Amino acid sequence: MRVAKVVSMLMCVILLTALLPGEVFAAPNTSSPYYLGWDLVDSGLHCDWGGSTKYSAQWNNAVSIWNSMGVVSIRKDTMFTVQDVELYDYYEVSSVTAVTYSSGKIGFNTYNLDNCTSDEITNTAAHELGHALGIKHLSAGNIMYPYQTSQTWLGNGDRTAYNDIWK
């Protein structure tokens, strides 16, 4: 009797799933002049991140900055999601503060970042996350400016680029 109830419930779930309309996923506007040519956003409009960095507070600030735009959901990876981005720290004597790879890795260079203010590190994290969203470098006054600043808010160009790619 118990097995029959379980089978009956499973059949209902299968039937309901078959009757529901399929999800429609948005894709980036790859013809946008702001589009980098790659992005780390999955077809469900999520950018799930894992890994770790000693700059986690600034990373979380960067996530909040971009999540305020609303379309793409940037969230910590769970056992139920596929990791799109992996954070890590590295040490390299160079002028590079951080790097984002099309493969989904975002590295933070402790050699430089350990000497930066919290706002400068947030700016760097938000800039690299912008690349993960597929956004190219922009002019001064934007997070996507190619040089580190202490700006921790999206500029008009950042908003325009994001909206052009994701809305």
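The values are calculated or read from the model by the stated rules, or taken from the named source; none is laboratory data. Quick caveat: nothing in here was measured; it's all calculated off a predicted structure. For neighbour counting, all protein chains shown are included, and Cβ atoms are generated from backbone atoms with ideal geometry for every residue, glycine included. Quick note on the areas: whole protein, heavy atoms, side chains included, nothing else; ligands and nucleic acids left out. Shrake-Rupley method; radii C 1.70, N 1.55, O 1.52, S 1.80 Å.
Data table
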quantity	calculated
One residue from L40, L133, L36 being among the aliphatic types (A, V, I, L, M), open to solvent by 50 Å² or more (accessible area, probe 1.4 Å), at pLDDT 95 or above and out of contact with any Ser or Thr (no Cβ under 6 Å at 6 or more places or on another chain)	L36
Filtered residues of the stretch 60-89 (kept if over 17 Å from I143 (Cβ atoms) and open to solvent by 50 Å² or more (accessible area, probe 1.4 Å))	R75, K76, T78, M79, F80, V82, Q83, E86, Y88, D89
Checklist (1) in contact with a Ser or Thr (Cβ under 6 Å, 6 or more places away or on another chain); (2) open to solvent by 50 Å² or more (accessible area, probe 1.4 Å) applied to V96, failing item	(1)
T78, sole failed condition from (1) touching a residue at least 24 places away in the same chain (Cβ under 8 Å); (2) part of a helix (DSSP H, G or I); (3) under 18 Å from S56 (Cβ atoms)	(2)
Cβ pairs under 9 Å, 6+ apart, first in the stretch 45-74 and in a loop (DSSP other than H, G, I, E, B), second buried (at least 21 other Cβ atoms within 10 Å of the Cβ) and hydroxyl-bearing (S, T, Y)	Y55/T122; Y55/T124; M69/Y162; V71/Y162; V72/Y162
Within the stretch 99-109, considering residues that are outside any loop (DSSP other than H, G, I, E, B) and either under 23 Å from S73 (Cα atoms) or among the hydrophobic types (A, V, I, L, M, F, W, C) (or both), the one most open to solvent (accessible area, probe 1.4 Å)	K105
Qualifying positions in the stretch 59-96 - farther than 14 Å from G130 by Cβ and of a type in the set (S, T, N, Q)	N60, S73, T78, T81, Q83, S94, S95
Failed item, numbered, when T152 is tested on (1) surrounded by fewer than 17 Cβ atoms within 10 Å (Cβ to Cβ); (2) among the hydroxyl-bearing types (S, T, Y); (3) in a loop (DSSP other than H, G, I, E, B)	(1)
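Yes/no matrix, rows are residues, columns are (1) under 16 Å from the mean Cα position of the chain (by Cα); (2) part of a strand (DSSP E or B); (3) of a type outside the set (A, V, I, L, M, F, W, C):
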{"position": "V82", "(1), (2), (3)": "yes, no, no"}
{"position": "S95", "(1), (2), (3)": "no, no, yes"}
{"position": "Y111", "(1), (2), (3)": "no, no, yes"}
{"position": "E120", "(1), (2), (3)": "no, no, yes"}
{"position": "N123", "(1), (2), (3)": "yes, no, yes"}
{"position": "A140", "(1), (2), (3)": "no, no, no"}
{"position": "Q148", "(1), (2), (3)": "no, no, yes"}
{"position": "A161", "(1), (2), (3)": "yes, no, no"}
